[in-house]
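Below is one structure, written out as structure tokens; comments come after it.
The values are calculated or read from the model by the stated rules, or taken from the named source; none is laboratory data. Bear in mind that the values here come from a model prediction, so they are computed numbers and not experimental data. With ideal geometry, Cβ positions are generated from the backbone for all residues, glycine too; neighbour counts draw on all protein chains shown. Keep in mind that these areas ignore ligands, DNA and RNA; they rest on the heavy atoms of the full protein, side chains included. Shrake-Rupley method; radii C 1.70, N 1.55, O 1.52, S 1.80 Å.
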Number of protein chains: 2
Amino acid sequence: MAASDWSEHVHAVLSEAGLKRGGARERVIELLAREPCALSAVEIEDELRARGRPTGRASVYRVLELLAEHGLVERVAVGDGQTRFERSQPGGDHHHHLVCEQCGRLVAFDDPGLEHAIDRLSERLGVTIDSHDVLLRGACRSCG
Amino acid sequence: MAASDWSEHVHAVLSEAGLKRGGARERVIELLAREPCALSAVEIEDELRARGRPTGRASVYRVLELLAEHGLVERVAVGDGQTRFERSQPGGDHHHHLVCEQCGRLVAFDDPGLEHAIDRLSERLGVTIDSHDVLLRGACRSCG
DNA sequence: CATTATCTGGGAATGAGTCTCATTCCCGTT
DNA sequence: AACGGGAATGAGACTCATTCCCAGATAATG
């Protein structure tokens, strides 16, 4: 899904939900569309200000919350005390992350074996799993 | 590993590292030894005060940091804005958690299949994995 | 028991995230 | 094009976990 497709998809979903448009929303969506890397609310606020489009903190958090509610972004926790957000893949596809302890870079990956193991786990434990997160810590290929 | 064994192990490791003893340290260690469930620093501070052994906030955080550095406790992030800590198992054994979205309870589990999937992943991606976290969100057996 | 490095705790500082509320904006209706 | 009401926005106060600072207490050692 290209950035522009994602952004169109977002607008379609939000309009479908009967929501109006607004400057702050457009700006945050546009930024997320162009920067697929996981961004924190603070980074988004700073980046928008740096681009000469200052946007209220409350609005940034509101937009992120709204997008998350509609499954349009995913929260990514990498263990620094901040919540990061990145646009989610279509069709329920999702990936996880490796945090490189040397360079701090975030490496995305997906793995059917891992997903399968989690599915089986759900049955074994007799619980319902709505969602899951996996975070690896280590050295990325360049640093390892 | 029984609680008392863990507590002895902790004292052995810290003494080996040439550290002195102190009241705050003893109190936090004792509490963690008896309550294997993942506790946050705030909960620890409150619980100690409730037991009539008030302990400075800074000391609680310092002890937890110290124990974590020596691999004696593990940080558990469940996505509320707090870091939780629980005594770590011997021999590198470890488990993961399911957060019940209904009752908020934390359910611990382990799964060789999951660990295996992560091991293979390391090879497939060509990266070194030092540690990993898995967090499931869903409904526990009583709520599901 | 003197010495000294370590430990402790009160409180101020920090920083992410939340809340409030007055103002502004969008958009269907007139 | 003007209107009206609900939605969206933003400034800043606020919460709350965590960190920092520093002066005073304490444990181990000789």
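Computed over the Cα atoms of the stretch A:42-92, pair by distinct pair, the Kirkwood hydrodynamic radius stands at 11.9 angstrom.
Using a 7 Å projection from Cα along Cα-to-Cβ, the label point at B:ALA139 is separated from the same position in the remaining copies by 4.6 nm, smallest value first.
Calculate the mean, over all residues of peptide B:74-80, of how many other protein chain Cβ atoms lie within 10 angstrom of the residue's Cβ.
2
Among beta bridges identified by DSSP and lying wholly in chain B, the antiparallel ones come to about 75 percent. Taking Lys and Arg as +1 and Asp and Glu as -1, the other residues whose beta-carbon sits under 14 Å from that of B:GLU74 total -3. Taking the label point 7 Å along Cα→Cβ, A:GLY126 and its counterparts in the other copies are spaced 4.6 nm apart, in ascending order. A crude spin-label estimate for the pair B:GLU8 and B:ASP80, with each label 7 Å from Cα along the Cβ direction, gives 3.5 nm. Excluding ligands, DNA and RNA, the accessible surface per residue across chain A is 54 Å² with a 1.4 Å probe.
Residues of the stretch B:98-112 buried by at least 20 Å² of accessible area upon assembly of all protein chains, compared with the chain on its own (1.4 Å probe): B:LEU98, B:GLU101, B:PHE109, B:ASP111. Angle of helix B:41-50 to the longest C-alpha principal axis of chain B, folded into 0 to 90 degrees and rounded to 10: 40°.
Give, as a single signed number, the net charge of other residues whose beta carbon lies under 11 Å from the beta carbon of A:GLU101, with Lys and Arg counted +1 and Asp and Glu -1. Net local charge, A:GLU101 excluded: +1. The long axis of helix A:112-125 is offset from the longest Cα principal axis of chain A by roughly 70 degrees. Remark: the stretch B:6-16, residue by residue, has Karplus-estimated 3J(HN,Hα) of 4, 4, 5, 4, 4, 4, 4, 4, 5, 5, 4 Hz, where x stands for each Gly or Pro and the curve is 6.51 cos²θ - 1.76 cosθ + 1.60 at θ = phi - 60°. Computed in the context of the full set of protein chains, the accessible area of chain B at 1.4 Å probe radius has 47% of its extent on carbon or sulfur. Scanning chain B for the beta carbon that comes closest to the axis linking it by rotation to A yields B:ALA117, 2, distance in whole angstrom. Compute the Cα gyration tensor for the stretch A:6-144, then decide on rounded, prolate or oblate, letting a ≥ b ≥ c be the square roots of its eigenvalues: rounded whenever a/c is under 1.5, prolate when a/b is larger than b/c in the other cases, and oblate in all that remain. Since a/c reaches 1.5 but b/c is at least a/b, the shape of the stretch A:6-144 is classed as oblate. Accessible surface buried by the A/B pair amounts to about 2400 Å², both sides summed, 1.4 Å probe.
P(r) for the stretch B:1-58, from all Cα pairs and a bin width of 5 Å, is 4, 18, 28, 23, 20, 7, 0 %, short bins first.
Give the longest segment of chain B that steers clear of trypsin sites (Lys or Arg not before Pro) in DSSP loops with at most 16 neighbouring Cβ atoms within 10 Å, not counting the sites themselves. It runs B:52-104.
For the protein assembly as shown, the alpha carbon positions stretch 60, 45, 40 Å along the principal axes, listed from largest to smallest.
Restricting attention to the protein assembly as shown, close to 80% of DSSP beta bridges with both partner residues there are antiparallel. Our helix-only sum for chain A, with -39,500 (n - 2.57) per DSSP H run of n ≥ 4 divided by its residues, gives a mean residue ellipticity at 222 nm of -14000 deg cm²/dmol.
Over all other residues within a Cβ to Cβ distance under 12 Å of A:GLU65, the charged ones net out to +2, with Lys and Arg as +1 and Asp and Glu as -1.
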